[in-house]
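Below you'll find the structure, written out as structure tokens, and then a few comments.
All of the numbers you see were taken from the coordinates with simple rules; none came from a lab. Since this is a predicted model, take the numbers as computed values, not measurements. Note that each Cβ is placed from the backbone with ideal geometry, even for glycine, and that neighbours are counted across all protein chains shown.
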Amino acid sequence: MHDRIVLSHGSGGEMTQQLIREVFLHHFNNEWLCGLSDSAMLSNGSGRTVFTTDSFVVDPLFFPGGDIGKLAVCGTVNDLAVTGAIPAYLSAGFILEEGLTLETLHRIAASMAEEARHAGVQIVTGDTKVVHRGKADGVFINTSGIGFLPAGRADLSNTAGIRPGDRIIVNGHLGEHGVAVLSAREELEVASQVHSDCASLNALIDQMCQVSGKIRFMRDLTRGGLATVLCEVTDHADFGLYLLEDKMPVGEAVRGICEMLGMDPLYMANEGKLVAIVDPADADDLLGAMHEHPLGANAQVIGQVAGQHPGQVVMETQVGGRRIIEPLTGEQLPRIC
């Protein structure tokens, strides 16, 4: 454990998990927090309420396909939706840097309002603080969200129901958000055709839940990407995950940029992608339903749950070898969400 915070503590990978365990769980541990889900499932007497919070510090504030405001709404909506809940209400807290133009703040607020309308949620409370010039990179945003789990719908945020043979599905191309932010930050002309996948997934997820009652688990793929989420799923599990590299939906532009810069799209951040683990009997019907939605048009089965190699994620490579997928140990690209 470092004695000071470093950028890798915010990567979503091993160092983030270490920070959570050794600091936050140590001091705040309770039955809701110890599940280490992005959202807390709370009883409200007649049903279940889902509560989440997130902070956004992206650099730059505007990037191809989105901005910090849209990102704040989508990220919080998605954290609620992947539990199976229906997102309803958001808060919005702003830390503004002295010197930020009002025109910039109007653009960000307008973007948040538009995405909230699109997602069917209301921004109902908030807070504003201003800090000295040079202390906040323009604006930081914190959002919290409340959603409600429909009666009879399973909580999809835990891994207890996962079984060998279950199929692993992602809803589209990986790595687009990370590459879009990188291209805007570094002004990479070669990446100009890549736009962030930033999108609210609640309508797609609601459609998926109506088609199948046998979705075992779901998670949105943000910091640390697909690889880190799947490694978290198998951590201390009695099953393993078996992936097929030739089934990974990675666009040619993203693949080319990652190869050029020595990055791995499996670890790149996404803001409009999810992974679902589903009963094999429902996989084909679920995939067909996802293909009918714009945010699931490129959905793909990428592997399955295995009884072998418990606690590990193994990928069959395109040349027939096998690769052990490890959690993200450093920071591929800081300040991406």
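Using a Cα distance threshold of under 24 Å, what count of lysine pairs results for the chain when pairs must be 8 or more residues apart or interchain?
Taking the Cα cut-off of 24 Å, the pair count is 6.
Compute the Cα gyration tensor for the range 167-325, then decide on rounded, prolate or oblate, letting a ≥ b ≥ c be the square roots of its eigenvalues: rounded whenever a/c is under 1.5, prolate when a/b is larger than b/c in the other cases, and oblate in all that remain.
Oblate, because a/c is 1.5 or more while a/b does not exceed b/c.
When Lys and Arg each count +1 and Asp and Glu each count -1, what net charge do the other residues less than 14 Å away from Met218, Cβ to Cβ, add up to?
Charge balance in the 14 Å sphere: -3.
How about the range 129-235: which trypsin sites (Lys or Arg not before Pro) there are in a DSSP loop, with at most 10 other Cβ atoms within 10 Å of their Cβ?
Arg133
Classify the range 37-149 as rounded, prolate or oblate, taking a ≥ b ≥ c as the square roots of the eigenvalues of its Cα gyration tensor: rounded when a/c is under 1.5, otherwise prolate if a/b is larger than b/c and oblate if not.
Prolate is the answer for the range 37-149, as a/c is 1.5 or above and a/b outweighs b/c.
Going by amide H atoms built from the backbone, whose H comes under 5 Å of the H on Val130, apart from near neighbours?
Excluding prolines and chain starts, which carry no amide H, the hits are Leu96.
Using a 10 Å cut-off around each Cβ, can you sort Tyr89, Tyr267, Tyr242 from fewest to most neighbouring Cβ atoms?
In order of increasing Cβ crowding within 10 Å: Tyr89, Tyr242, Tyr267.
Once a ≥ b ≥ c are taken as the square roots of the eigenvalues of the Cα gyration tensor of the range 253-337, is the result rounded (a/c under 1.5), prolate (a/b larger than b/c) or oblate (a/b not larger than b/c)?
oblate
Just to confirm my numbers, what's the Cα centroid distance between the range 302-320 and the range 222-269 in Å?
12 Å
For a quick check: sort Thr53, Thr83 by the number of other beta carbons within 10 angstrom, fewest at the front.
Thr53, Thr83
Let me know the charge dipole size of the range 46-194 about its Cα centre in debye, to the nearest 20, where only the beta-carbon of Lys, Arg (+1) and Asp, Glu (-1) is charged.
The calculation lands at about 600 debye.
Here are labelled values, (i) 1.08; (ii) 0.96; (iii) 1.28, and one is the computed Cα Rg over 2.2 N^0.38 Å for what I pasted. Which one?
Derived directly from the coordinates: (ii).
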